[in-house]
Amino acid sequence: MMACVWADMKSTILPRWVTRVPRTVGAAPTSTSTGLGADEWRTFCTVHLVVTLCHAWGTTDKDSRESRILSNYLDLVTAAKLSLMCITMPDRIVKCCESFLSYLHGMLELFPGTTIQSNQHTCMHIPDILEHMGPGPGWSAWASERSIGELQ
C-alpha cells in the first residue's frame with residue numbers, strides 16, 4: 001500500500017501553502033531520518049492517505065472490510081478537519097462530535113480487542129473546547145503540541 005501512497009504523492013499537486021511530506025514517509029527509518037512534524041502528519045493523513053485509500057478502496061462493496069475501514073478513517077479525517085477550521089459554528093461542532101464518536105465506535109467494531117487510548121478520549125473534549133474557546137487555530141499552539149508529544 002505504501003508504494004501506492006508514494007506513487008500518488010508524486011502525482012498529487014499541492015497548493016504552495018500546504019506543508020510537504022518526505023516522499024519516502026513510512027519507509028524504514030535511517031540514521032538521518034527524523035519524525036514528521038504536526039503539519040506534515042496533517043498533510044499525510046488528510047490528503048495523501050485519503051487520495052490513495054479512496055482510490056484503492058472507494059469502489060469496493062460497501063460491506064467489505066476495506067470499505068468499512070475507509071469509512072471509519074474518513075470519520076476521523078472529517079473530525080480533524082472540522083476541529084482545525086478557522087471559523088467555528090454550532091453545526092460544525094455537532095458534526096465534529098458525531099464524527100469523533102462514529103470513528104471511535106467504528107474502530108472498536110473493526111478491531112476487536114482494541115481499547116480507547118487517552119489521546120482518543122481527549123479528542124472527545126475538542127467539541128467542548130471549540131464551543132468555549134473558539135476555532136482550533138486560535139488555541140492550538142505549542143502547549144497543546146507539547147501535551148500531544150508527552151502523550152506519545
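Couple of notes before you dig in:
- Members of region 68-79 found to be of a type in the set (Gly, Ala, Ser) and surrounded by fewer than 20 Cβ atoms within 10 Å (Cβ to Cβ), listed by number: 71
- Residues that are in contact with an Asp or Glu (Cβ under 7 Å, 6 or more places away or on another chain) and at pLDDT 95 or above within region 58-76 comprise just one, 67.
- Remark: pairs (first residue in region 38-67, on the phi > 0 side of the Ramachandran plot and assigned to a helix (DSSP H, G or I); second residue surrounded by fewer than 15 Cβ atoms within 10 Å (Cβ to Cβ) and modelled with pLDDT under 95; Cβ separation under 6 Å; 6+ apart in sequence or on different chains) are absent.
- Check on residue 22, under 21 Å from residue 77 (Cα atoms), open to solvent by 40 Å² or more (accessible area, probe 1.4 Å), assigned to a loop (DSSP other than H, G, I, E, B) and modelled with pLDDT of 90 or more: no
- Filtered residue count, region 48-95, keeping only those that are under 11 Å from the mean Cα position of the chain (by Cα), more than 24 Å from residue 11 (Cα to Cα) and charged (D, E, K, R): 1
The values are calculated or read from the model by the stated rules, or taken from the named source; none is laboratory data. Note that this is a predicted model, so its numbers are computed, not measured. Don't worry about glycine lacking a Cβ; one is built from the backbone with ideal geometry, like all the others, and counts go over all protein chains shown. The accessibility values were calculated without ligands, DNA or RNA, using every heavy atom of the protein model including side chains. Shrake-Rupley method; radii C 1.70, N 1.55, O 1.52, S 1.80 Å.
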